[in-house]
Amino acid sequence: MTCNSVNTYLCSVEHITISAQNDFELSNNASFVTWLKRCVKLLQMNMGEIHISLMSDEALLEINKKHLNHHDYTDVITFDYSTENTIHCDIAVSTDRVSENAHNEGVSIENELARVMIHGILHCVGFNDKTEDDKRIMCSKENELLKLFHVEQKSTPSDV
């Protein structure tokens with residue numbers, strides 16, 4: 001990503017990367033990327049550089065301590081560098097939390113991973129989760145966008 005001193009982008013950058021920093025295997029990376037691009041458009045934003053790192057609880061806890069001075073486990077942390085119309089961010093996801101949350105909520109790991117990814121994106125467009133009302137509104141938008149993920153999954157040929 002090329003930035004000048006005022007953090008504006010000198011060239012149009014549209015890219016989503018999802019990488020595992022642990023032994024988590026994401027078998028349908030392309031489906032997540034396609035869905036996230038669609039969500040960004042539906043949120044009426046341009047897509048810039050979006051990096052999603054999948055990691056262990058311990059690795060995310062270290063990020064939480066170092067950058068946010070929080071000393072507890074979490075499922076996702078978003079570092080938002082967005083401009084007015086374009087989403088640029090780093091999203092760090094604990095695959096341990098995703099697995100545990102999926103089990104506790106009775107959903108697939110894929111569904112829970114999609115939820116935390118879109119949760120991170122929603123923070124970049126102004127959604128918050130500090131109050132109960134904010135959480136309800138954000139959760140509603142997450143659920144709306146998750147429905148699109150499942151539609152895309154059904155229309156995509158399965159891996160053999």
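The values are calculated or read from the model by the stated rules, or taken from the named source; none is laboratory data. What you see is a predicted model, and the numbers here were worked out from it, not measured in a lab. Using ideal geometry, Cβ is built from the backbone for each residue, glycine included, and neighbour counts are taken over all protein chains shown.
Data overview
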| quantity | calculated |
| --- | --- |
| Enumeration of residues in region 42-61 that are of a type in the set (A, V, I, L, M) and either within 13 Å of Asp96 (Cβ to Cβ) or assigned to a loop (DSSP other than H, G, I, E, B) (or both) | Leu43, Met45, Leu54, Met55, Ala59, Leu60, Leu61 |
| The listed residue being loosely packed, with under 15 Cβ neighbours inside 10 Å, part of a helix (DSSP H, G or I) and of a type outside the set (D, E, K, R), out of Asn101, Asn111, Asn143, Asn64 | Asn143 |
| Restricting region 20-34 to residues that are over 18 Å from Val76 (Cα atoms) and either touching a residue at least 12 places away in the same chain (Cβ under 8 Å) or among the acidic types (Asp, Glu) (or both), the residue that is surrounded by the most Cβ atoms within 10 Å (Cβ to Cβ) | Ser31 |
| Qualifying positions in region 116-131 - assigned to a loop (DSSP other than H, G, I, E, B), β-branched (Val, Ile, Thr) and either in contact (Cβ under 8 Å) with a residue 12 or more places away in the chain or in contact with a Lys or Arg (Cβ under 6 Å, 6 or more places away or on another chain) (or both) | Val125 |
| Lys130 vs. criteria more than 14 Å from Cys39 (Cβ to Cβ) and at pLDDT below 95 | yes |
| Failed condition for Asn4, given (1) closer than 18 Å to Phe127 by Cα; (2) at pLDDT below 95 | (1) |
